[in-house]
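The structure appears below as structure tokens.
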């Protein structure tokens, strides 16, 4: 099921995933952030600070980045949609070029990093 949904995603035919991802082994903070990241829609982005505020921890942008690094399924849980407040990419476990390509696939315009 995951392979099929990912194939559809890369063909721009799927914008939401229904594949369950088990994040129960992660720390509670990481689980909260990944759940919040999962709500970011196709073609939309949030800053690290916005995501921190969304989970009730304004000012914890750096902690957000560290928690997102633990994402076991970075496309299914779209942490690539989390960027810096200035609109630049920030980090991504798959590399910045992959993050840029995923955002471009979704039609998201991004600042140069």
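Across the range 13-25, what is the total count of residues that are in contact with a helix residue (DSSP H, G or I) (Cβ under 7 Å, 6 or more places away or on another chain) and either crowded, with 19+ Cβ neighbours inside 10 Å or touching a residue at least 40 places away in the same chain (Cβ under 8 Å) (or both)?
So the count comes out to 3.
State which residue is surrounded by the fewest Cβ atoms within 10 Å (Cβ to Cβ) when the search covers only the range 26-58 and only residues that are within 13 Å of residue 75 (Cα to Cα) and touching a strand residue (DSSP E or B) at 6+ places or on another chain (Cβ under 7 Å).
Looking at the filtered set, the residue picked out is 40.
Which residues, taken from the range 60-88, are farther than 10 Å from residue 34 by Cα and touching a strand residue (DSSP E or B) at 6+ places or on another chain (Cβ under 9 Å)?
61, 65, 81, 82, 83, 84, 85, 86, 87
Residues being in a helix (DSSP H, G or I) and surrounded by 13 or more Cβ atoms within 10 Å (Cβ to Cβ): count how many of those fall in the range 84-100. Steps first, answer last, please.
Initial filter on the range 84-100 (in a helix (DSSP H, G or I)): 96-100.
With the extra rule that they be surrounded by 13 or more Cβ atoms within 10 Å (Cβ to Cβ), the set shrinks to 96, 98-100.
Looking only at that region, the number is 4.
Among the residues of the range 10-22, is any part of a helix (DSSP H, G or I) and under 14 Å from residue 103 (Cα atoms)? Before the answer, list the steps.
The first filter runs over the range 10-22 and keeps only residues part of a helix (DSSP H, G or I), leaving 10.
Those left that are additionally under 14 Å from residue 103 (Cα atoms): 10.
Yes, that holds for at least one residue.
Here, each number is a calculation from the coordinates, and none is a lab measurement. This one's a predicted model, so the numbers in the text were calculated from it and none came from an experiment. When we count neighbours, we look across all protein chains shown, and the Cβ atoms used for this are built from the backbone with ideal geometry, even at glycine.
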